[in-house]
């Protein structure tokens with residue numbers, strides 16, 4: 001993985017549980033780590049018909065340097081879009097990670 005190819009910034013976010021002023025538990029998203037450098041490997045937008053109606057899906061594959069604790073429960077914030085992590089693949093032995101992400105809009 002060459003440093004020059006890591007030309008984008010992404011932020012990994014995780015769910016945190018807090019209590020609001022009324023004592024009700026609330027789920028919020030907080031940064032998991034500081035913004036990390038990433039390479040956009042593949043980006044596509046597909047429109048398809050599902051059972052409930054037309055949907056368009058934005059999918060991106062990112063490559064980042066190894067970061068411990070990254071799981072599919074996290075999400076990625078990239079260029080104003082919020083993407084769910086669908087799959088994580090390890091590159092080498094703790095050299096990097098490939099994050100397959102998807103944003104679904106209805």
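Results, tabulated for the structure shown:
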{"item": "Per-residue Cβ neighbour rank within 10 angstrom, fewest leading, 78, 22", "result": "22, 78"}
{"item": "Ranking of 9, 97 by count of other Cβ atoms within 10 Å, fewest first", "result": "9, 97"}
{"item": "Against the rule of thumb 2.2 N^0.38 Å, how large the Cα Rg of the chain comes out", "result": "1.21"}
{"item": "Order of 101, 94 - criterion: other Cβ atoms within 10 Å of each residue's Cβ, fewest first", "result": "94, 101"}
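Bear in mind that the values in this text are calculations on the coordinates, not laboratory data. Everything quoted here is computed from the prediction, not taken from an experiment. Note: ideal-geometry Cβ built from the backbone for every residue, glycine included; neighbour counts use all protein chains shown.
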